[in-house]
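Worksheet: one structure, shown below.
Bear in mind that the values in this text are calculations on the coordinates, not laboratory data. What you see is a predicted model, and the numbers here were worked out from it, not measured in a lab. A quick note on method: Cβ atoms are made from the backbone with ideal geometry, for glycine too, and the neighbour counts reach across all protein chains shown.
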């Protein structure tokens, strides 16, 4: 009996770790003044079932962290597609690193770590790649890269204007 129980417990732990470790696609938008902002896709959390925010990390293509913000466990908030977390944050009281400047045409990555809602099946991590571009007229804009990302006119996205 003990020999059967060990493999069954191993399978149970492995299946829960796999569900908790699921990765979703983050969304990157152009926020105020052309600054990128980050969120999760619509449908990832309805009323009362949105995942709780843990941390956000923006890094360069080589992996160097450019900005990180985390939320103390006791002060968390639910993340929904209706909200967008701006690069460099606006809540200076939260633990974060100073934000390095972002450059046009360079590839960046964002990772949003969350705690799924109780009984929720949301991913615990959301990832996306993006770059900054100058639109005609000099206005900055953000372009999300890969995984079905499209530009405003429906063309495949890239980091060149």
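Here are the numbers for this structure:
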read-out	value
By average C-beta atoms within 10 angstrom, highest first, the peptides 103-113, 73-83	103-113, 73-83
Relative contact order of the stretch 23-145, pairs being alpha-carbon contacts under 8 Å that are 6 or more residues apart, as %	34 percent
Cβ crowding within 10 Å averaged over residues, with 60-70, 24-34 ranked highest first	24-34, 60-70
FRET efficiency for residue 125 and residue 74, using Cβ-Cβ distance with R0 set to 25 Å, rounded to 0.05	0.70
Of every Cα-Cα pair in the stretch 23-145, the percent that sits beyond 24 Å	25 percent
Added length on full extension, which subtracts the Cα-Cα distance from 0.36 nm per residue, residue 49 to residue 103	15.8 nm
